[in-house]
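What follows draws every value from the coordinates through simple rules; no lab data is involved. Just so it is clear, the model here is predicted, and its values are computed rather than measured. So basically every Cβ, Gly included, is an ideal-geometry build from the backbone, and we count neighbours across all protein chains shown.
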Amino acid sequence: MTIDRTQNEREGVAYTGTPSEQELHDSGGYATQERQERGPVAFIECVECIPCNPCESACPYHAITVGPDITALPQLDGEKCIGCGLCIAVCPGLAIYVKSKHHSETHTTISFPYEYVPLPSKGDTVNLTDRNGDVVCQGRVLNVFTSRRNDRTAVVQAEFDKRYCSEVVSMKLPRSDERERGR
Amino acid sequence: MTAVDIAVVGAGPAGLSAAIEGARSGASVLLLDENDKPGGQLFKQIHKFFGSREHRAGTRGIDIGTQLLSEARELSIDIWLNAEVCGVYDNNELAVVVNHSTSKTVRAGAIVLATGATENAVSFPGWTLPGVMSAGAAQTMVNIHRVLPGHRVLMIGSGNVGVIVSYQLLQAGADVAAIVEAAPSLGGYGVHTAKVRRAGVPFYTSHTVLKAEGADRVESAVIVELDKDWNHVPETEKTLAVDTICIAAGLTPLVELGRSAGCHVVFEPTLGGWIPAHDSYMETSVPAVFVAGDIAGVEEASTAMEEGRLAGIGAAAVLGYYGADERNALSQVVWNRLDALRSGPYGRKRREAKEVLLRAGENAT
């Protein structure tokens, strides 16, 4: 018999669990390509109209707008955003990271929210992952921010080879690596 | 016999909020809970809540629980723990069993039922093996007792409970082998699904659990694909090596005390099943008996807290602590916040279902 698999091949966060390129592009949470080339900037990956707006007041530069209807999607104004990262740990959905594409000649940096233990340490080499949790490349941890303001959501900053700039969003949980090695 | 202005049954987010609002009016309040600690599910909610600042968005449930308890203490609210309310009788009398040993009677001017909900079960061959449990049980183990239920988990159900508990199991150090969802699309908020996805957890939509296998406890689970009529698709079985199977298949309101009180109940599947109809002050068809939180329709802690406030204000008004104008003004502020939480495509269904309940409630009173 033939199996209709079309349902499972549908794209989008409601089917795969991870937002599609189209959803991310359409949601208004990204700055323009040109702005992304220019310096550190936030990437907001919030594509569903859920009632939530802490990101809006977290931004001291008024670069994020949700508006009076709190289910509206956060809109990023790339010209106002300086990539400071104050929004990262404030987002209850852990859906914001900051990337600096041309941090150096060869490297991109990413700052992303992280709520697992053990936390990585400055200088560690970690496996950086894409939205599906697949390892894309290795990176080096530059900083781990755990200020009180972040309320137990750490912000990890890592640098990695610029070639993988568009794919990296997070890091692999180190302990599952360790367990795999132990097997 | 203990006499009190307002008796609140259940010290979760809805009950605590109702008790606090009731006490603010000047009424004497007794809060009863069958557990040995107040807070309901709040102290298991280690994640940051959604909403806006007035909903305490960005604050973790555990911290909201702590804040509510300290407000309750400041207002000198009497709390009975290990106190099971077994029935609601005429003249607003509650039958209570304290410490599984002593029976007591409480007579209240007004009653707020904030009893919450119970998790739905899914039965399949092997479901009685140790290692099969509800998602809520696993969450209690990791977040309250700090015990891992197992090392490799299969989660049944992709609603917010399924994905949030999966995330928290990962945080606690377990691996989540997969999350299966019988429907063709995922149920939980995309930010939650994206979080577990980028930790490497696979989703299987249009799949269900076929059986659990193991001699003395779960050693593996077999999942199977479903066609559009929910039938198993032959030869699509997959065996996953897991030691724990968690079931997150929705919640059913705990409505027994509402029935015991004689409340008119209506069936509203979107909100979990049979629910006492109520008006916009959360008063049921029985005068001075109010409902709030999951018993009034399964939603979230943020909506439960707002409904609790409405019920507390309404109960105080029934007893004369507020006049009608004051009650309406206080309630309107809460309603504005509730409407915000029920807006958007996710909230719309719940909002429409709540409107059905409200219409039934207005007609019944």
Can you list the HN-Hα couplings for segment B:156-171, worked out from phi with the Karplus curve (6.51, -1.76, 1.60; θ = phi - 60°), rounded to whole Hz and with x for Gly and Pro? 9, x, 10, x, 4, 5, x, 6, 5, 5, 4, 4, 6, 5, 4, 4
Stokes-Einstein at 20 °C, 1.002 mPa s, Kirkwood radius from Cα pairs: D for the protein assembly as shown in µm² s⁻¹? 87 µm²/s
Sorted by Cβ density within 10 Å, fewest first, the residues B:Thr208, B:Thr252, B:Thr239, A:Thr109: B:Thr239, B:Thr252, B:Thr208, A:Thr109
Whole-angstrom gap from segment B:1-79 to segment B:100-141, using each part's C-alpha centre: 19 Å
Could you check which residue among B:Pro345, B:Pro287, B:Pro125 shows the biggest mean-square fluctuation in a GNM of chain B with a 10 Å Cα cutoff? B:Pro345
Highest GNM mean-square fluctuation, chain B, Cα pairs closer than 10 Å: which of B:Gly65, B:Gly323, B:Gly15? B:Gly323
Restricting things to alpha carbons, find the Rg to Rh ratio for chain A using the Kirkwood radius for Rh. 0.99
Please list, in chain and number order, the residues 5+ apart from B:Val8 or on another chain whose amide H is under 5 Å from its amide H, with Hs placed from the backbone. B:Leu30, B:Leu31, B:Leu32, B:Val112
Once the Cα atoms of helix B:324-341 and of chain B are each reduced to a long axis, what angle between those two axes, in degrees from 0 to 90 to the nearest 10, is obtained? 10 degrees
Take every Cα pair under 8 Å in chain A that's 6+ residues apart, average their separations, divide by the length, and report that relative contact order as a whole percent. 16 percent
Centre separation in Å (Cα based) which lies between segment B:323-364 and segment B:247-289: 15 Å
Given C-alpha coordinates of chain B, what is the ratio Rg to Rh with the Kirkwood estimate of Rh? 1.00
Expected sort for B:Val97, A:Val141 with the fewest Cβ neighbours (10 Å cutoff) up front is B:Val97, A:Val141
Quick one: which residues, 5+ away or cross-chain, put their amide H under 5 Å from the amide H of B:Thr2? H built at 1.01 Å from N. B:Thr105, B:Val106, B:Arg107
Can you pick out the pairs among B:Lys37/B:Lys104; A:Lys99/B:Lys44; A:Lys80/A:Lys122 whose Cα atoms lie more than 25 Å from each other? A:Lys99/B:Lys44; A:Lys80/A:Lys122
Going through segment A:64-163, which trypsin sites (Lys or Arg not before Pro) have at most 16 other Cβ atoms within 10 Å and a DSSP loop state? A:Lys80, A:Lys122, A:Arg152
Calculate, for A:His62 and B:Asp227, the FRET efficiency according to 1/(1 + (r/R0)^6) with r their C-beta to C-beta distance and R0 60 Å; round to the nearest 0.05. 0.75
Scalar couplings 3J(HN,Hα) for segment A:91-101 by Karplus 6.51 cos²θ - 1.76 cosθ + 1.60 (θ = phi - 60°), nearest whole Hz, x for Gly and Pro, are 5, x, x, 6, 10, 10, 9, 10, 10, 10, 4
Which of B:Leu30, B:Leu113 comes first, and how do the rest follow, when ranked by fewest Cβ neighbours within 10 Å? B:Leu30, B:Leu113
Using only the Cα atoms of segment B:121-247, construct the convex hull and provide its projected area averaged over every direction, in square nanometres to one decimal. 7.2 nm²
Spelling out what I want: for every residue of segment B:287-303, take phi, set θ = phi - 60°, compute 6.51 cos²θ - 1.76 cosθ + 1.60 (Karplus), and round to whole Hz; glycine and proline get x. x, 6, 10, 10, 10, 7, x, 4, 5, 9, x, 6, 9, 10, 4, 4, 6
With at most 16 neighbouring Cβ atoms within 10 Å, loop trypsin sites (Lys or Arg not before Pro) (DSSP) excluded, longest segment of chain B: B:1-145
Looking at chain A, which longest stretch skips every one of the GluC sites (Glu not before Pro) that is in a DSSP loop with at most 16 other Cβ atoms within 10 Å, leaving the sites themselves out? A:12-78
Across A:Ile82, A:Ile70, A:Ile50, the residue with the highest GNM fluctuation in chain A (Cα network, 10 Å cutoff) is A:Ile50
Given only helices, namely DSSP H runs of n ≥ 4 each adding -39500 (n - 2.57), what is the per-residue ellipticity at 222 nm of the protein assembly as shown, to the nearest 500 deg cm²/dmol? -8000 deg cm²/dmol
For A:Asp124, distant residues with modelled amide H under 5 Å away: A:Val141
